[in-house]
1. Quote the FRET efficiency, to the nearest 0.05, computed for N175 versus S144 with a Förster distance R0 of 22 Å and r equal to the Cβ-Cβ distance.
2. Looking only at the range 111-131, which residues have a backbone nitrogen under 18 Å from a spot 7 Å from the Cα of E167 in the C-beta direction?
3. Write out the GluC sites (Glu not before Pro) in the range 109-175 meeting two conditions: DSSP loop, and at most 13 other Cβ atoms within 10 Å of their Cβ.
4. Under 8 Å for C-alpha pairs, at least 6 residues apart: give me the relative contact order for the range 2-99, rounded to a whole percent.
5. Express the relative contact order of the range 38-175 as a whole percentage, based on alpha carbon pairs under 8 Å and six or more residues apart in sequence.
6. Please sort through the DSSP H helices of the chain and keep those with an alpha-carbon extent of at least 15 Å along the long axis and a Kyte-Doolittle average not below 0.0.
7. Could you tell me what percent of the DSSP beta bridges with both partners in the range 22-175 are antiparallel, to the nearest 5?
8. Please work out how much length the chain gains when fully extended from K95 to E3, using 0.36 nm per residue of separation minus the C-alpha to C-alpha distance, in nm with one decimal.
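No lab work stands behind these numbers, since they all come straight from the coordinates. In this text the structure is predicted, and so the values were computed from the model without any measurement. Here the Cβ is made from the backbone with ideal geometry for all residues, glycine too, and neighbour counts use every protein chain on show.
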Amino acid sequence: MAENVTLARPYAKAAFDFAKEAGLVDSWMKQLAVSAALANTSEVAQSFSSPDKDNDQLVDMLAGPDADDGYKNFIKLMADNDRLSLLPDVVNVFKYISEQDAKALSADVYTAEQLDQEQLDKIAASLSKRTGKSVNLTQHKDESLLSGARIVAGDLVIDGSLKAKLEKLKTELIN
């Protein structure tokens, strides 16, 4: 998986640089997400390695009829280099680069119970202070955490859940 991200990074960087210069970052992000979702389906993924694949047909399918020429050329470049299977990783890296450029950060908050808006605002403010970026939170309910919260923001993970504390205690008792 790390290898895929390494291979996807130059494509994502080139795509972001082109999209930013053209003022199409949001549009490309949406198009990449759709293309990656298609690339993740088993039927389409199998066609990437088919000996009788038709790159032009794959480009038309993945880019869609409304895509701008730059986006179609980008998908064609990936197809010509047999890198279409990297599209999901390209989306993730593109999103990361875009957030870094915008000084923004997406974070997932996992809790056993739904949090109210005031609690979410406090978490966002705390993360914003810690990272120096504006934070966009997405809340997920995970009853296995028992209580507390687990926050994942890029490579930053803050696990204050009861489940994590019990696991740590168990490890300490066993060792």
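1. Working: r = 24 Å, r/R0 = 1.07.
Calculated transfer efficiency: 0.40.
2. 111-113
3. Working: sites: E113, E118, E143, E167, E172; in loops: E113.
Here the sparse-neighbourhood loop sites are E113.
4. 50 percent
5. Dividing the mean separation by the residue count of the range 38-175 yields 19 percent.
6. Answer set is 25-40.
7. Values: 8 of 16 bridges.
In the range 22-175, approximately 50 percent of DSSP beta bridges are antiparallel ones.
8. Result for the pair: 31.3 nm of gain on full extension.
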